[in-house]
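S.K.: Quick one: the structure is below, and I'll ask about it shortly.
The values are calculated or read from the model by the stated rules, or taken from the named source; none is laboratory data. Small disclaimer: the values here were computed from a predicted structure and weren't measured. Virtual Cβ from ideal backbone geometry, glycine too; neighbours counted across all protein chains shown.
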Amino acid sequence: MRKIQIANAKLMVVVVGAAFILGLALLAAPSNAQSLTGRWAATGPALHNGELHKSILEVTQTGSDLKGKLIALGYSVDLKGHITGSHFELFGWDSKTPLIVGDVANGELHWTQWGGEYAAKPVTPATEFPKLPYIDPPALHNVPYNGLAKTPPMGWNSWNLFAEKIDDKTVRTMADAMVSSGMRDAGYVYVNIDDTWEGVRDAQGNLQSNPKFPDMKALADYVHSKGLKIGIYSSPGPRTCGEYPASYGHEQQDARTFAAWGFDYLKYDWCSAGNIYKNEDLQAIYQRMGAALAASGRPIVFSLCEYGMGGVEKWAPAVSGNLWRTTGDISDSWQSMIGNIEQQVPTAPYAGPGHWNDPDMLEIGNGHMSADEYRTHMSLWALVAAPLLAGNDIRTMSDTTRSILLNKEVIAIDQDPLGKQASPVKNGNLETWVKPLADGGAAVGVVNLGSEAAVATVNAADLHLVGKVKTARDLWAHQDVKFTAGVYSATVPSHGVLLLRVSAK
């Protein structure tokens, strides 16, 4: 019996020892069961027109580091990230928040992106994107000015708040609210539908709307009946940024469709055109739609959205562009808003009646900045003569939001017919923007970029007035103020603004 116990004990030692050695071997083995290196074809949620999101993920893995590119139907983005075990994260435009979060399982990739679930397998000839015939850019020529947007366009755009959730009912109720809130009477006249309205093309190639928008002409008629105008969205590529059908090869046809529906404004977003053309082709590609709009038989404001690439401010008027994006997309944060406005500085000489630099839409009222920051947002957009396109829910806006968006004295600075763009001078945490006005006066805004309140001083000599100061008015306090010995001072809160309108004798 004793011999059996000893034998069992020895066997147990051997088993335990073997398990320990196996454990060490597993720890020493590579943690990744499969390398991500390769090209992966992914499908995601269904679009509103019944098609599926499709993309190709190209990845190179070096140890735990990942590098590659996501090529979707509507866009492409460079990626960096890492993998731990079977779990991976990839970062795109935002280096702090991953664009893709997923896992490797059974030779497939499964990830989430913008709340949607995607599954990917290695690319095969059947899952490669179809190659479209290349259409050469046209020879450059000037498209005549369309006579529109003599002051910066004002209105509302659906993207910042609703994104892909926009639909016919929301547009109609927003148009109602534009009237009842006083927005229309303050000058906000465009109700603009952004991406995800598109359906598919019919047998004749005519682009249809998807079920969210059952009758585009009826919707345009409704918006017009409110004394408003209506805008739509497309791209010069084969797909929009949201992966819906766009205007590549159909520019004249789409321009005629938009005109027949009764649209007054087109936002034309570069998106998948960047997968086909180079930046040096931008002018020619936008010229193609500018010419198509000119031939459509309807006056349509032409809004170029190319994120400030290709020196757009220098050539956009030649393609009959009325406004052009000078920045990437804005978000509802102080850093994004200030970053976008600072990019306006070199573009100032190119702003004027009929053609405007566009630092993107307003985020006022969307809840992630303070009231002082939103007043600064509104002031800076007015000082640089930017389009004022609200991006909040007009139907439910607070009294504070209403008071900012409907400040008619600030709107008058934006809409000043001289059309000059302010330029800044920085002094520590204070930045002063001065804008000449048509009446010979000036608007001056002093922004406090710091974290503490600060005293701002405005010297009349810096305003380049013809003559001495006659009157001065604080446009947020709605009261007249007085320059003493050519100087006015006031305390400005952190991230706040002092905005004055000054006239000369």
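S.K.: Check every one of the helices (runs of 4 or more DSSP H) wholly within region 149-201 and list those with 1 or more residues that are polar (S, T, N, Q), buried (at least 20 other Cβ atoms within 10 Å of the Cβ) and at pLDDT 95 or above.
M.R.: Hits in region 149-201: 159-162.
S.K.: Do we find that residue 461 is closer than 21 Å to residue 407 by Cα and either of a type outside the set (Val, Ile, Thr) or surrounded by fewer than 21 Cβ atoms within 10 Å (Cβ to Cβ) (or both) in this structure?
M.R.: no
S.K.: Right, another one. Taking the condition part of a loop (DSSP other than H, G, I, E, B), β-branched (Val, Ile, Thr), touching a helix residue (DSSP H, G or I) at 6+ places or on another chain (Cβ under 6 Å) and crowded, with 17+ Cβ neighbours inside 10 Å, does residue 347 pass?
M.R.: no
S.K.: Still on this structure, I have one more. Can you tell me which residue is nearest to residue 377 (Cα to Cα) among those in region 395-449 that are outside any helix (DSSP H, G or I), among the basic types (Lys, Arg) and touching a residue at least 24 places away in the same chain (Cβ under 8 Å)?
M.R.: Taking the candidates together, the pick is 435.
S.K.: Also: Mind listing whichever residues of region 339-363 are within 27 Å of residue 394 (Cα to Cα), hydrophobic (A, V, I, L, M, F, W, C) and in contact with a strand residue (DSSP E or B) (Cβ under 7 Å, 6 or more places away or on another chain)?
M.R.: Within region 339-363, 356, 361, 362 meet the criteria.
S.K.: Residue 323 is checked against (1) over 23 Å from residue 426 (Cα atoms); (2) over 17 Å from the mean Cα position of the chain (by Cα); (3) among the aliphatic types (A, V, I, L, M) and fails just one. What number does that condition carry?
M.R.: (2)
S.K.: Filter region 487-505 down to residues that are surrounded by fewer than 16 Cβ atoms within 10 Å (Cβ to Cβ) and modelled with pLDDT under 95, then give me how many there are.
M.R.: 1
S.K.: Something else: Pairs, please: C-beta under 6 Å, at least 6 apart or cross-chain, first residue more than 18 Å from residue 81 (Cβ to Cβ) and of a type in the set (A, V, I, L, M) and in region 97-119, second surrounded by 15 or more Cβ atoms within 10 Å (Cβ to Cβ) and at pLDDT below 95?
M.R.: Close Cβ pairs (under 6 Å, with a partner that is surrounded by 15 or more Cβ atoms within 10 Å (Cβ to Cβ) and at pLDDT below 95) do not exist here.
S.K.: Out of the residues in region 89-108 meeting the condition of being surrounded by fewer than 18 Cβ atoms within 10 Å (Cβ to Cβ) and among the β-branched types (Val, Ile, Thr), tell me which one is farthest from the chain's Cα centre (by Cα).
M.R.: Restricting to residues being surrounded by fewer than 18 Cβ atoms within 10 Å (Cβ to Cβ) and among the β-branched types (Val, Ile, Thr), the top hit is 101.
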